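Working notes, structure below.
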Amino acid sequence: MMMKNIKIVLLISVIAISSCSFTNKTFNDPDKDKLLIDLITYVLERGHYNPKTINDDFSKHVFDHYIESVDPLKRYFYASDIKEFEKYRNKIDDQIIDREITFFNVVYSRLMRRMEDAKEMSLKILEQPFDFDKDEMINVDYENRKYARSKKEMKNRWRKQLKFSTIGYYDDKLTVTENDSIATDKKPLSKKEAEIEARKKTKENLTELYDIMGDLQRKDYFTNYINAIVEEFDPHTYYFAPRDKERFDQNMSGKLEGIGARLQKKNDEIKIMSLISGGPAWRGQELEVGDVIAAVRQEDEQEATNILGMRIDDAVKLIKGPKGTTVFLTLKKVDGSIVEISIVRDVVELEETYAKSVLIDKGNRKFGLINLPKFYVDFKDYKESRNAASDVKKEIIRLKKQGMEGLVIDLRSNGGGSLQTVVDMAGLFIKDGPIVQVKSSEKKAEVLNDKDKSIIWEGPLVILVNELSASASEILAAALQDYKRAIIIGSKQTYGKGTVQNVVDLNRFVRNNSMGDVGALKLTTQKFYRINGGSTQLEGVKSDVVVVDRYSFIDVGEKDQDNPLPWDKIKKANYTPWNGFINYQETIRNSAARMQDNAQLKLIEEQARWYKTQSDENDLSLKYTDYVAEYKRIETVSEKFKALKEYKNNLKVASLPYEQEQMKKDSILSKKRTTWYKYITQDVYIDEAVNVLEDLQLNTIRNKRKVAFKK
C-alpha cells in the first residue's frame with residue numbers, strides 16, 4: 001500500500017515546540033536538578049495543551065502526590081515528619097519558580113533515614129515468632145490510613161504487615177507437608193517448625209526488597225519528584241529519565257539492540273530469567289535460563305568488569321550495545337561451572353509486541369483473527385521498519401490467500417501507540433475519507449484523512465475491545481464504527497483517552513551541556529476527536545454489542561485517573577458511511593440477544609462482581625483459624641467459577657503456512673502459539689465475533705444476489 005499522504009502530527013508538534021518560541025531562553029544552571037526543574041516547567045507552560053497555573057493549589061497537589069509516591073503504605077514517615085513537611089505545602093510553587101528544591105531535599109533526606117530505621121526494625125521483628133492463635137486484624141486501606149505517631153505504633157504496623165505476609169507461607173508449610181507425607185512417609189512439620197520456615201521465607205523476600213531499594217539512587221527519587229510536578233498537568237504527561245526514555249523507545253518499536261535476554265537481580269547476582277526467541281543469545285545456545293552473569297568484557301577490553309552487587313541498570317548498560325559488536329560474558333552456569341562466552345549483539349525484535357494472526361475454521365467457513373497488542377512504530381524509520389499498519393496489512397493479505405471470509409481484529413487491552421499507524425490502518429478498510437480529527441489548544445481542528453483509494457479488506461469486520469483499549473485503539477474503533485464499517489463488541493465503553501502526546505528531547509534546549517543526558521518529556525499537546533465530532537476523552541467508544549468482562553466493575557478508565565482533561569465536542573467531519581452491509585442493525589440486535597442469554601457471560605459477570613466485593617474488603621484477620629475459614633469460603637465460591645476455564649467453543653484454529661514453517665524451527669514460538677490457540681478455543685468473545693461475521697457474510701451474500709437479480 002502506498003504510504004498515506006497525511007501530515008504527521010508528531011513531527012509538526014515537535015517542530016513547533018522547538019521553534020523560535022522555545023529558543024529565547026538559555027538553560028545553563030550547573031546544578032542539574034535545578035536545571036531540570038527550570039527546563040521542564042518552561043516546556044510545559046509553552047507546549048502543553050492545557051497548561052496549569054503554578055500556584056498554591058498546584059503546590060498542595062504536588063505535596064500530596066510526592067509524599068504518597070515515596071511512602072504509599074505509610075510505613076516510613078511518622079505524623080511528626082509530615083507535620084514538619086507541612087511548612088512546604090504552599091511553597092512548592094514558589095520553589096519551582098525560583099528553581100529551588102528544598103522540599104525535595106528535606107523529604108529525601110528524611111526518607112533515607114526512615115528507610116534505614118524501617119529496615120532495622122522489620123528485620124528485628126522477624127527474629128521473633130508470630131502468634132497465629134492471637135485474634136487480631138489488619139486494615140489494608142492504606143490510602144486512608146493515618147501516619148504512625150510513635151515508634152511503638154510503627155513497630156506494631158510493621159509487625160502486622162509482616163505477619164500478614166507470612167500467614168500464607170505458614171499455611172503452605174502445614175498443609176503441603178501433610179499431603180506430601182502420605183506419599184513420602186515424612187512427618188509433617190509442627191506448628192512451631194512451620195512458623196519458623198514461613199518467617200524465614202518472609203525474611204528472604206524482605207531482604208530482596210531492601211536490595212532493590214538499595215539500588216535506587218538519589219536521581220531515581222528526583223525523577224519521582226519531577227513526575228509529581230508534571231502529572232499535575234494531566235495523567236499522560238511524564239518525564240523520562242535517560243534510561244526510561246530508552247525503554248519507552250523499545251516499547252514503541254518492539255526492538256532493542258543487545259543479546260536478547262531478560263535479567264533479574266537476586267541476592268546481588270544478575271541472573272538470566274528468559275531468552276527472547278530469535279535473539280543472539282537464543283541462537284547461540286550457550287546462555288541458559290538460571291545462569292548467573294559474573295563479569296562483562298567488551299571486545300576492545302582485556303579485563304572484565306565484575307558485576308556482582310552492581311545495580312541492574314548499570315549491568316544492563318554493559319551487556320547491551322550496538323548491533324555487530326561483541327560482548328564477552330563470564331558465567332556461573334546452573335551446574336556450577338565457570339565459563340566465558342561471546343555473543344555478537346544484534347537487533348532483537350520482541351515478537352509479543354507485534355501483530356499475530358490465525359485462521360479460524362467453523363463449519364465450512366474460514367475466518368481470520370488478528371491480535372494487535374499495541375500500535376507500534378519506529379519513529380526513526382517509519383517507511384522501512386516494522387509498524388502496526390504494515391504488519392496488519394501483511395497478515396490480511398496472507399489470510400485472504402487462505403480463503404478468509406470475515407476478519408476479527410482483537411484490540412482488547414491495547415493501550416494505543418502511534419497516531420500515524422492508526423490512520424494508515426483504518427485506511428485498509430475504507431476507500432478514502434477522514435479518520436480522525438486532531439486539535440491543538442485554541443486552534444482549528446485538523447482532519448487526518450485516508451487518501452489511498454485502495455481497500456485491502458472489504459468483507460465483514462468485527463473489532464473486539466475492553467475497558468483497557470485506549471488511545472489509538474479508540475481511534476480505530478471509533479472511525480470504523482462511525483463509518484458503519486465494523487461492529488464493535490466489548491465493554492460498555494473503552495478506556496476514554498482522547499489526548500495526543502509527543503515526546504520532546506530536552507537535550508535540544510541545553511547548549512554546551514557538561515552534565516550528560518537530561519532525558520525527555522512526554523507531554524499532552526493535542527486532543528483527538530471522532531469524525532462525528534464527539535470526543536473519546538473520558539467517555540471512550542461505546543460498543544455496539546455490550547458484553548461484561550472481568551474489568552466491568554473496577555475503576556480502570558481515564559475518568560478514574562487524577563487530573564484528566566475534560567470531554568467536549570467539535571464540528572463533525574464530512575464523511576459517507578459504508579453501505580456494504582445489509583441488515584447492519586439487525587446483526588447487532590441478534591448478537592446482543594445471544595450475549596444476553598449466554599450462560600458463560602452470566603458466570604463471568606458473577607465472578608467480576610465477586611472480585612469487586614473481595615477487593616473492597618479492607619479488614620483481614622491474622623488469626624490462622626480465621627484465615628483457613630476464609631480461604632475455604634473463597635475456595636468454595638471459586639469452585640463454581642472453574643467452569644469458566646472448561647468452556648469450549650467450536651472453533652478450529654491453525655497458523656498460517658509461513659508461521660507453521662517458523663514453528664518447526666522455533667520451539668519457543670511453537671509453545672507460545674499453542675498456548676494462544678488454547679485461549680482462543682476458550683474465548684466466548686471470539687466465539688461471538690465469529691457468529692457476527694457469519695451474520696454479516698450471509699447478509700453480504702444476500703445483498704449481492706439481490707443486486708445480481710435486479711441486473
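The values are calculated or read from the model by the stated rules, or taken from the named source; none is laboratory data. All values reported here derive from a predicted model rather than from experimental measurement. In this analysis, Cβ positions are derived from the backbone assuming ideal geometry, glycine residues included, and neighbour counts consider all displayed protein chains.
Is there a residue in the stretch 615-626 that is part of a strand (DSSP E or B) and not acidic (Asp, Glu)?
First, pick out the residues of the stretch 615-626 that are part of a strand (DSSP E or B): 619-621.
When the remaining residues are screened for being not acidic (Asp, Glu), the result is 620-621.
Within the stretch 615-626, one or more residues are part of a strand (DSSP E or B) and not acidic (Asp, Glu).
Of all the helices (runs of 4 or more DSSP H) wholly in the stretch 630-681, which have at least 3 residues that are under 23 Å from Val408 (Cα atoms) and not acidic (Asp, Glu)?
Where helices (runs of 4 or more DSSP H) fall fully within the stretch 630-681 and carry at least 3 residues being under 23 Å from Val408 (Cα atoms) and not acidic (Asp, Glu), they are 657-665, 667-680.
If Ser543 passes every condition in (1) surrounded by 20 or more Cβ atoms within 10 Å (Cβ to Cβ); (2) modelled with pLDDT of 95 or more; (3) closer than 25 Å to Phe233 by Cβ but one, which one does it miss?
Tallying (1) surrounded by 20 or more Cβ atoms within 10 Å (Cβ to Cβ); (2) modelled with pLDDT of 95 or more; (3) closer than 25 Å to Phe233 by Cβ, Ser543 fails exactly one: (3).
Considering only the stretch 431-479, state which residues are in contact with a helix residue (DSSP H, G or I) (Cβ under 8 Å, 6 or more places away or on another chain), within 15 Å of Lys393 (Cα to Cα) and of a type outside the set (D, E, K, R).
Ile456, Trp457, Gly459, Leu461, Leu476
Run down Ser337, Ser342, Ser385 and say which single residue is outside the structural domain of Ser277 (by TED's automatic domain parsing) and among the hydroxyl-bearing types (Ser, Thr, Tyr). Working first, answer last.
On the way: Ser337 fails: outside the structural domain of Ser277 (by TED's automatic domain parsing); Ser342 fails: outside the structural domain of Ser277 (by TED's automatic domain parsing).
Being outside the structural domain of Ser277 (by TED's automatic domain parsing) and among the hydroxyl-bearing types (Ser, Thr, Tyr) holds for just one of Ser337, Ser342, Ser385, which is Ser385.
Considering every residue within the stretch 231-241, establish whether at least one is charged (D, E, K, R), out of contact with any Leu (no Cβ under 6 Å at 6 or more places or on another chain) and surrounded by fewer than 17 Cβ atoms within 10 Å (Cβ to Cβ). Before you say what the answer is, go through the steps one by one.
Going residue by residue through the stretch 231-241, those that are charged (D, E, K, R) are 231-232, 234.
Among the residues that remain, those that are also out of contact with any Leu (no Cβ under 6 Å at 6 or more places or on another chain) are: 231-232.
Still in the running and surrounded by fewer than 17 Cβ atoms within 10 Å (Cβ to Cβ): none.
Looking for residues that are charged (D, E, K, R), out of contact with any Leu (no Cβ under 6 Å at 6 or more places or on another chain) and surrounded by fewer than 17 Cβ atoms within 10 Å (Cβ to Cβ), one finds none in the stretch 231-241, hence no.
What residue, of Lys91, Lys119, is out of contact with any Gly (no Cβ under 8 Å at 6 or more places or on another chain), within 28 Å of Glu197 (Cβ to Cβ) and surrounded by 14 or more Cβ atoms within 10 Å (Cβ to Cβ)? Explain how you work it out, then say what you get.
On the way: Lys91 fails: within 28 Å of Glu197 (Cβ to Cβ).
Result of the check over Lys91, Lys119: Lys119.
Quick one: would you say Lys34 is surrounded by fewer than 19 Cβ atoms within 10 Å (Cβ to Cβ) and modelled with pLDDT of 90 or more?
On the way: surrounded by fewer than 19 Cβ atoms within 10 Å (Cβ to Cβ): yes; modelled with pLDDT of 90 or more: yes.
So Lys34 fits the description; yes.
Here is a check on your reading of the model: is Glu197 under 19 Å from Thr525 (Cα atoms), touching a helix residue (DSSP H, G or I) at 6+ places or on another chain (Cβ under 6 Å) and not hydroxyl-bearing (Ser, Thr, Tyr)? Working first, answer last.
Details: under 19 Å from Thr525 (Cα atoms): no; touching a helix residue (DSSP H, G or I) at 6+ places or on another chain (Cβ under 6 Å): yes; not hydroxyl-bearing (Ser, Thr, Tyr): yes.
It is false that Glu197 is under 19 Å from Thr525 (Cα atoms), touching a helix residue (DSSP H, G or I) at 6+ places or on another chain (Cβ under 6 Å) and not hydroxyl-bearing (Ser, Thr, Tyr).
So that you can scan it fast, the table gives a plain yes or no per residue for (1) out of contact with any Asp or Glu (no Cβ under 8 Å at 6 or more places or on another chain); (2) under 30 Å from Leu603 (Cα atoms); (3) part of a loop (DSSP other than H, G, I, E, B); (4) touching a residue at least 24 places away in the same chain (Cβ under 8 Å):
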{"position": "Lys522", "(1), (2), (3), (4)": "yes, no, no, yes"}
{"position": "Gln537", "(1), (2), (3), (4)": "no, no, yes, yes"}
{"position": "Val541", "(1), (2), (3), (4)": "no, yes, yes, yes"}
{"position": "Arg550", "(1), (2), (3), (4)": "yes, yes, yes, yes"}
{"position": "Phe553", "(1), (2), (3), (4)": "yes, yes, yes, yes"}
{"position": "Val556", "(1), (2), (3), (4)": "no, yes, yes, yes"}
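Return the residues of the stretch 563-595 that are modelled with pLDDT of 90 or more and over 30 Å from Gly498 (Cβ atoms); say none if nothing qualifies.
Glu586, Asn590, Ala593, Arg594
Give me the residue from the stretch 57-88 that is surrounded by 14 or more Cβ atoms within 10 Å (Cβ to Cβ) and more than 31 Å from the chain's Cα centre (by Cα) and, out of that set, farthest from Ala118 (Cα to Cα).
Tyr88
Surrounded by fewer than 23 Cβ atoms within 10 Å (Cβ to Cβ), under 19 Å from His48 (Cα atoms), of a type in the set (Lys, Arg) and assigned by TED's automatic domain parsing to the domain that holds Asn371: does that describe Lys439? Working first, answer last.
Working: surrounded by fewer than 23 Cβ atoms within 10 Å (Cβ to Cβ): yes; under 19 Å from His48 (Cα atoms): yes; of a type in the set (Lys, Arg): yes; assigned by TED's automatic domain parsing to the domain that holds Asn371: yes.
Against the criterion (surrounded by fewer than 23 Cβ atoms within 10 Å (Cβ to Cβ), under 19 Å from His48 (Cα atoms), of a type in the set (Lys, Arg) and assigned by TED's automatic domain parsing to the domain that holds Asn371), Lys439 qualifies.
Filter the stretch 312-346 down to residues that are buried (at least 16 other Cβ atoms within 10 Å of the Cβ) and of a type in the set (Phe, Trp, Tyr), then give me how many there are.
The number of residues fulfilling the criteria is 0.
If you go through the stretch 194-215 one residue at a time, do you hit one that is in a loop (DSSP other than H, G, I, E, B) and either out of contact with any Lys or Arg (no Cβ under 6 Å at 6 or more places or on another chain) or closer than 30 Å to Leu44 by Cβ (or both)?
Our first condition is that a residue be in a loop (DSSP other than H, G, I, E, B); within the stretch 194-215, this holds for none.
No, there is no match, as no residue in the stretch 194-215 is in a loop (DSSP other than H, G, I, E, B) and either out of contact with any Lys or Arg (no Cβ under 6 Å at 6 or more places or on another chain) or closer than 30 Å to Leu44 by Cβ (or both).
So, in the stretch 661-683, how many residues would count as being out of contact with any strand residue (DSSP E or B) (no Cβ under 8 Å at 6 or more places or on another chain) and over 22 Å from Leu275 (Cβ atoms)?
Of the residues in that region, 4 qualify.
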